[in-house]
Structures are given as C-alpha cells and as structure tokens.
Amino acid sequence: MSDFRELTSTVLASPQITIDDIAAAKEAGVSLIVNNRPDGEEPSAPQSDAIEAAAKAAGLDYVAIPIGHSGFSEVQVDDMIRALDNAGGTVLAYCRSGTRSTLLWALAQAKSGVAPDDIAKSAMAAGYDVTPVRPMLDMLAAR
C-alpha cells in the first residue's frame, strides 16, 4: 500500500516503494520518480534498476540521487533542483522512510529561494521534521 505524502502540490515523499506502487504513482499524476535510497541498503527492497525499469515501462521518468548515511552534498542538492525543475509534473521522491527525500527536497527548496519556515511547515504537514538540516536551510536561503 502506498504512503505518498504531499510536501507541495507537485512533490510527494514516500517510504520505500514497491513495483506495485508504480501504478499508484502514475494514477496520482506522478511524472518523475526520484530514488534517494542507495542500492544494497536493504537487500530485500526493490533496487534501483527494478524501480527504474518499472517506472519507464509505465511511462514515468526516473532519476537516482542516492543519499547514504554520510549526509547531503551540494551536488546532490543541485541534482534534486534539476530533477524538480525538469520534472514536467508531479515528483515522487522515496527512500527508506521518506525522511532523506524530504530533507533533500527541503535543501533544494532553500537553495532555490523558498523561506525555511515555509519549508518546515510543508514538511511538518506531511509528517516530516526538517530540524536536522535547519541550519543548512538557513544558510542556503541566505545566499
């Protein structure tokens, strides 16, 4: 069963998705799936190649921006900005719990000029807390 949570009207975050969730994503209007989970993190979960193949078979775009336990880099933030800017529709980003996807989205939003308080409110409404990256949000928004 899908657990897509609305961060904005065009961005959803989710815990790990399955192949069956691809149809639900398409039905929800998703045009791009962003995988923020590194392959091998949970060997029993569908890996990047399987999700990518299912997404493409359903006519959806796919990009992998894996976020490991070492945290976020500016390259990953820039990759997320590009993915969001070029999506042409609703984006579904997923990882193990949806938290890394939300935090990466939050950093991308801050770097794109969205106010950190607005980002925090949107994330909280979806059940995610951006407190762990709040200093980075403030720094990126101040640039």
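What follows is calculated from the coordinates using simple rules that are stated; it is not laboratory data. This one's a predicted model, so the numbers in the text were calculated from it and none came from an experiment. Cβ: placed from backbone, ideal geometry, glycine included. Neighbour counts: every protein chain shown.
Does I65 satisfy the condition of being under 17 Å from L103 (Cβ atoms), buried (at least 18 other Cβ atoms within 10 Å of the Cβ) and β-branched (V, I, T)?
Yes, satisfied.
Report the residue count in region 1-31 for those that are closer than 22 Å to V130 by Cβ and assigned to a strand (DSSP E or B).
8
Being under 15 Å from the mean Cα position of the chain (by Cα), surrounded by 13 or more Cβ atoms within 10 Å (Cβ to Cβ) and touching a residue at least 60 places away in the same chain (Cβ under 8 Å), is that true of even one residue in region 105-114?
Checked region 105-114: at least one residue is under 15 Å from the mean Cα position of the chain (by Cα), surrounded by 13 or more Cβ atoms within 10 Å (Cβ to Cβ) and touching a residue at least 60 places away in the same chain (Cβ under 8 Å).
Being touching a strand residue (DSSP E or B) at 6+ places or on another chain (Cβ under 6 Å) and hydrophobic (A, V, I, L, M, F, W, C): is that true of I33 here?
Answer is yes for this residue.
Of the residues S44, S70, which is polar (S, T, N, Q), assigned to a loop (DSSP other than H, G, I, E, B) and either more than 27 Å from P116 (Cα to Cα) or touching a strand residue (DSSP E or B) at 6+ places or on another chain (Cβ under 7 Å) (or both)?
S44
Keeping to region 25-34, report how many residues are buried (at least 16 other Cβ atoms within 10 Å of the Cβ) and more than 21 Å from I67 (Cα to Cα).
Within region 25-34, residues that are buried (at least 16 other Cβ atoms within 10 Å of the Cβ) and more than 21 Å from I67 (Cα to Cα) number 4.
What are the residues in region 87-129 that are in a helix (DSSP H, G or I) and not hydrophobic (A, V, I, L, M, F, W, C), if any?
Hits for region 87-129 are T99, R100, S101, T102, Q109, K111, P116, D117, D118, K121, S122.
What about L84, is it touching a residue at least 60 places away in the same chain (Cβ under 8 Å) and not in a strand (DSSP E or B)?
yes
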